[in-house]
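The values are calculated or read from the model by the stated rules, or taken from the named source; none is laboratory data. On a predicted model such as this, the values are computed, not experimentally measured, just so you know. Positions of Cβ are backbone-derived with ideal geometry, glycine not excepted, and every protein chain shown enters the neighbour counts. Protein only, heavy atoms only, side chains kept; ligands, DNA and RNA dropped before computing areas. Shrake-Rupley method; radii C 1.70, N 1.55, O 1.52, S 1.80 Å.
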Amino acid sequence: TQFNSASLNRHLSRAYGNNIAGYKNEGFVEVLAAQQSPENPNWFQGTADAVRQYMWLFEEHNIMEFLILAGDHLYRMDYQKFIQAHRETDADITVAALPMDEQRATAFGLMKIDDEGRIVEFAEKPKGEKLRSMMVDTTILGLDPERAKELPYIASMGIYVFSKDVMLRLLRENFPAANDFGSEVIPGATEIGLRVQAYLYDGYWEDIGTIEAFYNANLGITKKPVPDFSFYDRSAPIYTQPRYLPPSKVLDADVTDSVIGEGCVIKHCTINHSVVGLRSCISEGAVIEDSLL
């Protein structure tokens, strides 16, 4: 974490304190804050720099791989399969790749692969001819031919598996000044001939790093008959902070296509296509539409 992380720290300790420690005592969640030292007076300069500054701590654990994830994405992925693919292809780095159509592709960092799924080129938000040159045969990564025609591009999701020794070498020796994984370390690793593989993820994925995207992702869960992203998956639950609030109370209200958080009191009002958050009190005569509260 970098700045003003008190609320995040509190959320993590409440949401994951008991869930994880109780599960065979194998995992833990620890927040590592940016800190200044005589060797390094700077805050975190980017994703790669943040990892580099804490390398001394990561080296203490006897592990084979590092999994680098982004904090502002909404998706559901089985990381075991991701890591297994990394091992099976004998890769140095594996990058999660999202198949997409031409319209969306211009907003992402695109990748080009050879017929073994190895990444040979990167292009950041290409347009026109450059965009068309980044087209790939996504059946190589396991997409069926029909979907491969619709989605001829692959974008980096900003999610990576690194073999431990490769990560240490890249951050300390090859690119000691690189601050970012996506724009510096990964393309650099490809250039110096490391085996960088693409791993296909074909499911719901949304970057919710902007207010507009956050709003759209929230309202997407009210869609019918099938929401964009479902929280009702018993085999892969999304944990949150238990607040032990009473269920919401609805008195003579007209509620359609909406999601209501717990602890709310809703009376004599109209709510349509909205997400109403915890402990909301909505009184008589209110009309709420297309809103995220």
* To do: Kindly flag which residue pairs out of Lys130/Lys224; Lys149/Lys224; Lys112/Lys164; Lys127/Lys164; Lys125/Lys149 have an alpha-carbon separation exceeding 32 Å in this structure.
  => Lys130/Lys224; Lys127/Lys164
* To do: Using the Cα centre as the reference, give the magnitude of the dipole from point charges on the C-beta atoms of the stretch 177-283 (Lys, Arg: +1; Asp, Glu: -1; all else neutral), rounded to the nearest 20 debye.
  => 580 debye
* Structure fact -> Taking protein heavy atoms only, a 1.4 Å probe, and rounding to whole percent, the accessible area of the chain owed to carbon and sulfur comes out at 51 percent
* To do: Work out the FRET efficiency for Asp137 and Asp254 from their Cβ-Cβ distance, taking R0 = 51 Å, and round it to the nearest 0.05.
  => 0.50
* Separation between the Gln2 and Tyr215 pseudo-spin-labels, each 7 Å from Cα along Cα→Cβ, expressed in nm? -> 2.4 nm
* Identify all aspartates and glutamates with a Cα-Cα distance to Lys249 below 13 Å; exclude those on the same chain that are fewer than 8 residues away in sequence. => Glu262
* **Fully extended contour minus Cα-Cα distance, from Val120 to Arg104, at 0.36 nm per residue** => 3.6 nm
* Mind checking which of Asn179, Asn40, Asn272 has the largest fluctuation in a GNM of the chain, springs on alpha carbons under 10 Å? -> Asn40
* **Gyration tensor verdict on the stretch 63-207 (Cα atoms; rounded if a/c is under 1.5, prolate if a/b is larger than b/c, oblate otherwise)** => prolate
* Structure fact -> Once Lys and Arg are counted +1 and Asp and Glu -1 for all other residues with Cβ under 12 Å from that of Asn216, the total becomes -4
* To do: Would you calculate, for the chain, the mean residue ellipticity at 222 nm contributed by helices, counting each DSSP H stretch of 4 or more residues as -39,500 (n - 2.57) and dividing by all residues, to the nearest 500?
  => -6500 deg cm²/dmol
* Do any trypsin sites (Lys or Arg not before Pro) in the stretch 192-260 lie in a loop, going by DSSP, with at most 13 other beta-carbon atoms within 10 Å of their beta carbon, and if so which? -> Lys223, Arg234, Arg243
* Helix axis angle, 6-21 relative to the chain longest principal axis, alpha carbon, degrees -> 80 degrees
* Which FRET efficiency, nearest 0.05, do Trp56 and Val29 yield, Cβ-Cβ r, R0 30 Å? -> 0.95
* To do: Post the alpha-carbon centroid distance, the stretch 227-267 to the stretch 153-226, in whole angstrom.
  => 31 Å
* Let me know the longest stretch in the chain that avoids all chymotrypsin sites (Phe, Trp or Tyr not before Pro) found in a DSSP loop with at most 16 other C-beta atoms within 10 Å. => 55-203
* Which trypsin sites (Lys or Arg not before Pro) does the stretch 19-107 hold that lie in a coil by DSSP with at most 13 other beta carbons within 10 Å? -> Lys24
* **For the stretch 224-292: rounded, prolate or oblate by the Cα gyration tensor [a/c cutoff 1.5]** => oblate
* Asked: So what is the accessible area of the chain per residue, in Å², with the probe set to 1.4 Å?
  -> 59 Å²
* Angstrom value of the Kirkwood radius, inverse mean 1/r, which spans all Cα pairs in the chain -> 21.9 Å
* To do: Please state the charge dipole magnitude for the chain, taken about the Cα centre, from unit charges on C-beta atoms (+1 on K and R, -1 on D and E), reported in debye and rounded to the nearest 20.
  => 740 debye
* Treating the angle as unsigned and between 0 and 90°, give the value, to the nearest 10°, between the Cα long axis of helix 211-220 and the longest Cα principal axis of the chain. => 60 degrees
* Starting from the stretch 113-171, pick out the GluC sites (Glu not before Pro) whose DSSP state is loop and whose Cβ has at most 14 other Cβ atoms within 10 Å. => Glu116
